Amino acid sequence: MTKRVPLEEGYMVIPESSDEPCRLLGSYSKAADKHYFPIRKRCPITEKDVETVELSPVGELYSWSFIRMPKMGSRKVDSGGGYGVGQIDLPEGVRIQSVIDGEQEDFKIGMKMQLVANPMYTAEDGTQYCGFKFVPVKEG
Amino acid sequence: MNRDVYVIGVGMHRFTKEYVPIRDMYFTAGVEALKDAGIDFRDVGYLYNGYIGGTMMEGTGYAKDLGLTGIPVVHVENASATGSSAFREAVWAVSGGASDVAMALGFDDMARMGMARRKPAPGVDRRVPSFENTLLPAGFFAMWAVRRMHEAGTTVETYAKIAAKNWNHGRHNPMAQRRADHEVTAEEVLAADMVAYPHTAMMACASGAGAACAIVATEEWAKKHANGRPMVKVTASQLCSEVYTDGHIFMGAVVGPAYSTERTAKLAYEEAGIGPDDLSLVHVHDAFPIEELMYYELLGICGPGEGDKLLHDGETQIGGRIPFSTDGGLIARGHPGGPTGLAQVWDATRQLRGEQGKIQVEGAQNALVHMMGAGSVCAVHILQKA
C-alpha cells in the first residue's frame, strides 16, 4: 500500500488506513476556550499555553470560488479548466481555506465538506507527500 | 502627532507593464517629488524606501542617484501597505522631531515577486508549495465576493460596475497603467475572461511596475514652499495589525478581518476630528471590486448592506457625493506593490491642491487613503486642504 505522509509536519494527521478520516492539527486554548488553525505557539488572546488537538474532519462551506488561473507554484491551468477553493467552518469555530473538489455548479454555501489528503508528489521510494483538500460529503 | 505635518511634494513614475529599469523609475519619482516641493535632496533629513520584492539594500543603492548626503535611509516592507507604511514612517519622523523634512519613496515590479521562499523541511520537494502557501490571493477576494452575494444579494453587475468606474477614472490619469481608449462598460468587464468566479480579468488589479514618492515636512517648511498653492496637512496617520475575531484566518491571510478597516478608520477619524461625511474623496485597496464595495460600508461612508445602492446611485464616481479611486485605483492605475500607497498620496495631494484636471474632485477638502497589507495590516491616512 502506498505510504502517505503530510507535506510538512504539524499540520495534519494521515492515518495508515484509508478507512479512517484525515484530520487537521490545531491548537486549543483553555484560557480563551478557542481553537486555532494552524498550530499556535501560544494563545493569541490570553498569551497562555495551548495544546495541540485534532480538529473535526467535516465542516460547512462558508464561501467558495472557482479559479481559472494556475495554482500557486505552477504555470499551467489544470486540465479541467480550473479548480475550486473554499472556506470551511469546522465545528470547533475554525475557518479553513482550502482547495475543494468539484465543479463550479456543485458548490453551495452551507454544504457539508470532508477533509481528505491531497497527494502533491511521489518520492522515489514511492512515498506520497500530501497536502489537504475538502470534498463535498455525498448526501445519504 | 507632536508636530503638524504637511505633504510638500509628490512625484511618480507612471505604473506600467512595459520594461523600465527600476533604478530609472525610482530616480524619476524622487526627482519629480523634489521639484514639486521646490527643495533639494540635501534638504531631506530622512528617507524611507518601500518595496516588497527586490534585493538587499536595493533602495539604498538607488538613493545614491539622488545624492550622498549621509542621512538615515531605511527599508520598509508591509506587503501592499508598504508605500503607506513608508509614508507613515516619514510622517512620524517629522512629527516626532527627528527631521523637518522626510521622504517616502516606493517602487516595485510585480513580475519579480514570487511565492514566499523558505527552507523546506528535510525530504520535502522545494517545488511544491507549503501548507501555508497554496491558494492565490485572487481566490481569497473571490470567496469574499461570493459570500457577499449570499448575504446581501449583491450581483456580478455591481462588481462589474465598480471595475468599469475605476477603469474610466484611470483613462484620464497620465500615471495609470490601464488607460482605455474608450468608455469602459460593465458589460465589457463582465465579458472578459473569468479569473476567479465572480471576478473577471478586467476586475483584477493591474499588475505591473512603477514608483511613487511623497515628501512631508513641518508647517514652517510647508509655508515656505507652498508657492501659492494650498497646503496639504496630514491630519491622521494610523496603522493597525489584526486582533482576533470569530472566523479568524491565520493561514493565507490576504483579505483579513473586516474589522481591521473599521478599527483603523475609526482611529483615523478620531485623530483628524472629522467623520466619513466630511470626506471629499477616498482611495482604498481595490485589488478586486468586492473590496471597494465592502470599504464603502467599513469606512462608514454608508450603512451595512447599503454599498450596492451607493454605487448604483453614482455616488462613488467623480461628480458623485464621495468619489472612490479617483485615479483609477488598483484596478486601473495599477498595483505594483511598494509604490501603490504613495500613488494614492500623489493623487490625494494633487486633488486637494486642485491640480488633477479631468479627474479633479471639485472643492476637495479632505481625502482618506486606505491600504491593506496581506490582510494582516491596515493603514489609513487622512489629508486635509489647510
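The values are calculated or read from the model by the stated rules, or taken from the named source; none is laboratory data. Note that the structure is predicted; figures quoted are calculated from it, not measured. Don't worry about glycine lacking a Cβ; one is built from the backbone with ideal geometry, like all the others, and counts go over all protein chains shown.
Within the group B:Thr261, B:Thr200, B:Thr245, which residue is touching a residue at least 12 places away in the same chain (Cβ under 8 Å), surrounded by fewer than 18 Cβ atoms within 10 Å (Cβ to Cβ) and of a type in the set (Ser, Thr, Tyr)? Explain how you work it out, then say what you get.
Numbers: B:Thr261 fails: surrounded by fewer than 18 Cβ atoms within 10 Å (Cβ to Cβ); B:Thr200 fails: surrounded by fewer than 18 Cβ atoms within 10 Å (Cβ to Cβ).
Within the list B:Thr261, B:Thr200, B:Thr245, the selection yields B:Thr245.
Kindly indicate whether B:Tyr244 is in contact with a strand residue (DSSP E or B) (Cβ under 8 Å, 6 or more places away or on another chain), part of a loop (DSSP other than H, G, I, E, B) and within 14 Å of chain A (Cβ to nearest Cβ). So that I can check it myself, show each step before the final result.
Working: in contact with a strand residue (DSSP E or B) (Cβ under 8 Å, 6 or more places away or on another chain): yes; part of a loop (DSSP other than H, G, I, E, B): yes; within 14 Å of chain A (Cβ to nearest Cβ): yes.
Yes, satisfied.
With the structure loaded, tell me whether A:Tyr11 is within 16 Å of A:Gly131 (Cβ to Cβ) and either facing chain B (nearest Cβ under 10 Å) or among the hydrophobic types (A, V, I, L, M, F, W, C) (or both) or whether it fails that test. Break it down into steps so the answer makes sense when it comes.
Details: within 16 Å of A:Gly131 (Cβ to Cβ): yes; either facing chain B (nearest Cβ under 10 Å) or among the hydrophobic types (A, V, I, L, M, F, W, C) (or both): yes.
The answer is yes for A:Tyr11.
Out of all the residues in segment B:220-241, is one or more touching a Phe, Trp or Tyr at 6+ places or on another chain (Cβ under 9 Å), at pLDDT 95 or above, farther than 22 Å from B:Ile382 by Cα and in a loop (DSSP other than H, G, I, E, B)?
No, that holds for no residue.
Just to be sure, is B:Val216 among the hydrophobic types (A, V, I, L, M, F, W, C), touching a helix residue (DSSP H, G or I) at 6+ places or on another chain (Cβ under 6 Å) and closer than 30 Å to B:Leu310 by Cβ?
Working: among the hydrophobic types (A, V, I, L, M, F, W, C): yes; touching a helix residue (DSSP H, G or I) at 6+ places or on another chain (Cβ under 6 Å): yes; closer than 30 Å to B:Leu310 by Cβ: no.
Criteria not met by B:Val216.
Of all the residues that make up segment B:142-158, how many are in contact with a Phe, Trp or Tyr (Cβ under 8 Å, 6 or more places away or on another chain) and away from every other protein chain (no Cβ under 12 Å)?
Qualifying residue count, segment B:142-158: 0.
Taking segment B:186-212 as the search range and keeping residues that are modelled with pLDDT under 95 and more than 14 Å from every other protein chain (Cβ to nearest Cβ), which one is farthest from B:Ala138 (Cα to Cα)?
B:Gly208
State which residue is farthest from the other protein chains (Cβ to nearest Cβ) when the search covers only segment B:213-233 and only residues that are surrounded by 18 or more Cβ atoms within 10 Å (Cβ to Cβ) and small (Gly, Ala, Ser).
The selected residue is B:Ala222.
Which residues, counting only those in segment B:1-34, are among the hydrophobic types (A, V, I, L, M, F, W, C) and either at pLDDT below 95 or assigned to a loop (DSSP other than H, G, I, E, B) (or both)?
Residues of segment B:1-34 that are among the hydrophobic types (A, V, I, L, M, F, W, C), as a first pass: B:1, B:5, B:7-8, B:10, B:12, B:15, B:20, B:22, B:25, B:27, B:29, B:31, B:33-34.
The answer is B:Met1, B:Val5, B:Val20.
Is it the case, given these coordinates, that B:Gly139 is surrounded by 24 or more Cβ atoms within 10 Å (Cβ to Cβ), under 26 Å from B:Gly337 (Cβ atoms) and within 14 Å of chain A (Cβ to nearest Cβ)? Break it down stepwise before answering.
Numbers: surrounded by 24 or more Cβ atoms within 10 Å (Cβ to Cβ): yes; under 26 Å from B:Gly337 (Cβ atoms): yes; within 14 Å of chain A (Cβ to nearest Cβ): yes.
Yes, satisfied.
Only one residue in B:Thr55, B:Thr82, B:Thr60, B:Thr69 is surrounded by fewer than 21 Cβ atoms within 10 Å (Cβ to Cβ), in contact with a helix residue (DSSP H, G or I) (Cβ under 9 Å, 6 or more places away or on another chain) and at pLDDT 95 or above, so which one is that?
On the way: B:Thr55 fails: at pLDDT 95 or above; B:Thr82 fails: surrounded by fewer than 21 Cβ atoms within 10 Å (Cβ to Cβ); B:Thr60 fails: in contact with a helix residue (DSSP H, G or I) (Cβ under 9 Å, 6 or more places away or on another chain).
That would be B:Thr69, the only listed residue that is surrounded by fewer than 21 Cβ atoms within 10 Å (Cβ to Cβ), in contact with a helix residue (DSSP H, G or I) (Cβ under 9 Å, 6 or more places away or on another chain) and at pLDDT 95 or above.
If the requirement is being in contact (Cβ under 8 Å) with a residue 60 or more places away in the chain and at positive phi, which of these qualifies: B:Asn173, B:Asn227, B:Asn166? Break it down stepwise before answering.
Values: B:Asn173 fails: at positive phi; B:Asn166 fails: at positive phi.
The match here is B:Asn227.
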